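Structure record follows, encoded as structure tokens.
Nothing in this text is a laboratory measurement; each read-out follows from the coordinates by a stated rule. Keep in mind it's a predicted model, so treat the numbers as computed, not measured. Cβ: placed from backbone, ideal geometry, glycine included. Neighbour counts: every protein chain shown.
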Amino acid sequence: MSSQIDHLLNEDRRFAPDGAFAADAVGTAELYEKASQDRVAFWGEQARELLHWHTPFTEVLDWTNPPFATWFGDGELNVAYNCLDRHVEAGNGDRVALLWEGEQGDERRVTYAELTDEVKRLANVLEGLGIGQGDRVAIYLPMIPEAIAAMLAVARIGAIHSVVFGGFSADGLRSRIDDAGAKLVITADGGYRKGKVSPLKPAVDMALADRNGSGVQESVEHVLVVRRGGNEVEWNDERDVWWHDVVPAASANHTAQPFPSENPLFILYTSGTTGKPKGILHTSGGYLTQATFTNRNVHDIHPETDIFWCTADIGWITGHTYVTYGPLANGATQVLYEGTPDTPHPGRWWEIVEKYGVTILYTAPTAIRSFMKIGRAIPAKFDLSSLRLLGSVGEPINPEAWMWYREIIGATTTPIVDTWWQTETGAIMISALPGVTETKPGSAQVPLPGISVDVVDENGAPVGDGNGGLLVITEPWPSMLRGIWGDPERYKETYWDKFAEQGYYFAGDGARLDEDGDVWLLGRVDDVMNVSGHRLSTTEIESALVGNEAVAEAAVVGASDETTGQAVAAFVIIKQSYLAAHSPDGLAQSLRAWVGEQIGPIARPRDVYIVEELPKTRSGKIMRRLLRDVAEGREVGDTTTLADTAVMSVISAQVR
Ligand code: PRX
């Protein structure tokens, strides 16, 4: 990490906000002033200004039982009403909410009035299927307008959605359905990915099959299926319902009922340091306040004129907050794209920017780096002059990629906001405000108004400007997670126990403060990897590997990768009987495929190294740091704490 720090320390390029941009920017310096006077009152004011409350709240924050927070506790609202009906009632029903583009080039424009109508019908259907407040609904859909409608209809009736990324396998889906005890699954026959139909319903069928004897009581009563891919699907008449049979026929009258501010809104599973993904729980009023506030001020949303495009899938937190909730609560118009960036050609994204006149683009560094690799000639073929703001999220953006983004995509004038946050934080926490902050390539910079962070040492003492340590959040924030589904102890342990004395939230990220006090993120300090902006747990992949009958032992590390940030590198010890019968290449191939099936293609290791031993300390702990050295092709570091110091030279030789 030290070479990375040195490199960052030498970064001295600065970009002041453009005068015209600043003059028209939504977020101003006044926000910092107000928030610094009274942080809690500031959030109360935002919640009142940005949202419609059926019942106004009288108390902003109750933090008497930390780490369990209550925001706007006695207030009541309806999240879907805030995202839909109120815009229609204000006379903006004809405004386009979604400019949807299918991978095949098919398109749909959905206005706020149309989306409201669809969500009302669907809410009636859900209630007809027995779903009510507090019930869990799993959503396993491609990026189609129905996915947004599904989330909002669940929210509208006070139920809880658990969106599962379409790239997760049947096993991944099953464990999420079981953990949440979902009563309904909303899926599609399939969606388009890389020019082909990628089936989804068959994975749902598999996830729900063969429960007999597993000891798990089946919670799912129905599966609601959208026709999208047109692929053949099996049908269970008792359980399965076609969307097109029930939604258009349902009544479009549905009154949004108020729910308490702390009514759970969704569970979203993310990888932690153990093998079991954790269900991060978010609730309504606080989450929607910060989602709306950050989208408005960081993305500088002018709902009447902007065309916003966040490229994230709704299966991730970025898609929840900046595809579904933030932009719709703000009444913005956005692009929704079903497919992959390079199908059918490598300029697909830029073609979409040109076609719809996208003004604000929010994407991940990994995408930017892969565009850099293909070269500037591709984006140069398209008119990108509509872009006026660029955003980055999900992993540290290296200054080279930042500069390329600004120069090639942003015509050297467009401001960039590098936004740090997490599934757990619910919304952006650290970022420049594009009309206020002088930006620095590679630094996420400053906490937003109303947010307090610090960088501390192992004991919780502030490291001060110019030093590195651990990133903490020092005060509660509206969109903070409220817990881990079904596991309050794990919530405390994971995030709050480390700095219990100070009452800080431990983010799991290393960070450094520069001489100006700006934050530079340095990556995870735990066993969580970040591959293409997706969070993966080393332990989860290790347990998938040892679940394969050929594998005796496995260790997984995140090795740095030019395009994906980190890549999964697996070191496995194969059982003797298998070694004799199979070629190492064949074994490596089949293990890669195995992990893909067990967890999903994103978790597939880039490298599988077959080794005879793993480096362990005398107490039996695997020294991943040394394996990372090997996977990154470096000189192996200090091996003196190994039980057997010769092991590393054997491994290095084998890998070579
Ligand atoms: O390590 C940080 C990194 O992504 C982690 C959170 O991952 P996830 O919950 O999947 O949410 C990603 C989208 C918000 C963080 O702990 N991370 C996220 N944004 C940045 C980042 N690292 C550096 N710079 C960022 N802007």
Notebook entry, point to check: Tell me, what is the FRET efficiency for Asp94 and Ala380 to the nearest 0.05, using R0 = 35 angstrom and their Cβ-Cβ distance as r?
Noted result: 0.45
Margin query: Need one number: % antiparallel among DSSP beta bridges in the stretch 532-655, to the nearest 5.
Written below: 75 percent
Next item on the list: Measure off 7 Å from each Cα along the Cα-to-Cβ vector at Ala411 and Ala593, then give the distance between these two points in nanometres to one decimal.
Entry: 4.9 nm
Notebook entry, point to check: Can you give the % of DSSP beta bridges in the chain that are antiparallel, to the nearest 5?
Noted result: 60 percent
Next item on the list: Could you grab the Rg to Rh ratio for the chain? Cα atoms only, Kirkwood for Rh.
Entry: 0.95
Note to self: Taking every DSSP beta bridge with both residues inside the stretch 148-231, roughly what % is antiparallel (nearest 5)?
What the structure shows: 45 percent
Item checked: Residues with amide H under 5 Å from that of Gly394, placed H, sequence gap 5 or more -> Trp421
Notebook entry, point to check: Quick one: putting +1 on the C-beta of Lys and Arg, -1 on the C-beta of Asp and Glu, what dipole do you get for the stretch 532-655 around its Cα centre, in Debye to the nearest 20?
Noted result: 260 debye
Check: For Asp24, what is the net charge nearby, where nearby means another residue's Cβ is under 13 Å from its Cβ and Lys, Arg count +1, Asp, Glu -1?
Finding: -3
Check: Normalised by the number of residues in the chain, what is the relative contact order in percent for Cα pairs under 8 Å and 6+ residues apart?
Finding: 13 percent
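What does the C-alpha gyration tensor say about the overall shape of the stretch 112-257? Classify as rounded when a/c is under 1.5, otherwise prolate if a/b is larger than b/c, or oblate.
oblate
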Item checked: Nearest-20 debye value, the chain charge dipole, Cβ charges on Lys, Arg, Asp, Glu -> 1000 debye
Notebook entry, point to check: Just how far, in whole angstrom, is the stretch 96-156 from the stretch 450-521 if you go by their alpha carbon centroids?
Noted result: 36 Å
Check: For the stretch 532-655, rounded, prolate or oblate, judged on the Cα gyration tensor with a ≥ b ≥ c (square roots of eigenvalues), a/c < 1.5 rounded, else prolate if a/b > b/c?
Finding: oblate
Check: Taking N as the number of residues in the stretch 253-366, what is its alpha-carbon radius of gyration divided by 2.2 N^0.38 Å?
Finding: 1.22
Checklist line | lysines with Cα under 16 Å of Lys355, excluding same-chain neighbours fewer than 8 positions away | finding: Lys381
Note to self: Students often get this wrong: which residues of the stretch 508-528 have the backbone nitrogen under 16 Å from the point 7 angstrom along Cα-to-C-beta of Glu438?
What the structure shows: 514-519
Next item on the list: Sort the stretch 92-142 into rounded, prolate or oblate with this rule: let a ≥ b ≥ c be the square roots of the eigenvalues of the Cα gyration tensor; rounded if a/c is under 1.5, and if a/c is not under 1.5, prolate when a/b is larger than b/c, oblate otherwise.
Entry: oblate
Item checked: Residue-count net charge about Val647 - beta-carbon cut-off 14 Å; Lys, Arg +1, Asp, Glu -1 -> -1
Note to self: Run the simple label-point estimate for Ala580 and Arg13 please: 7 Å along Cα→C-beta, distance reported in nm.
What the structure shows: 6.0 nm
Check: To the nearest 0.05, how large is the calculated FRET efficiency for Val546 and Asp62 if R₀ is 51 Å and r is the Cβ-Cβ distance?
Finding: 0.70
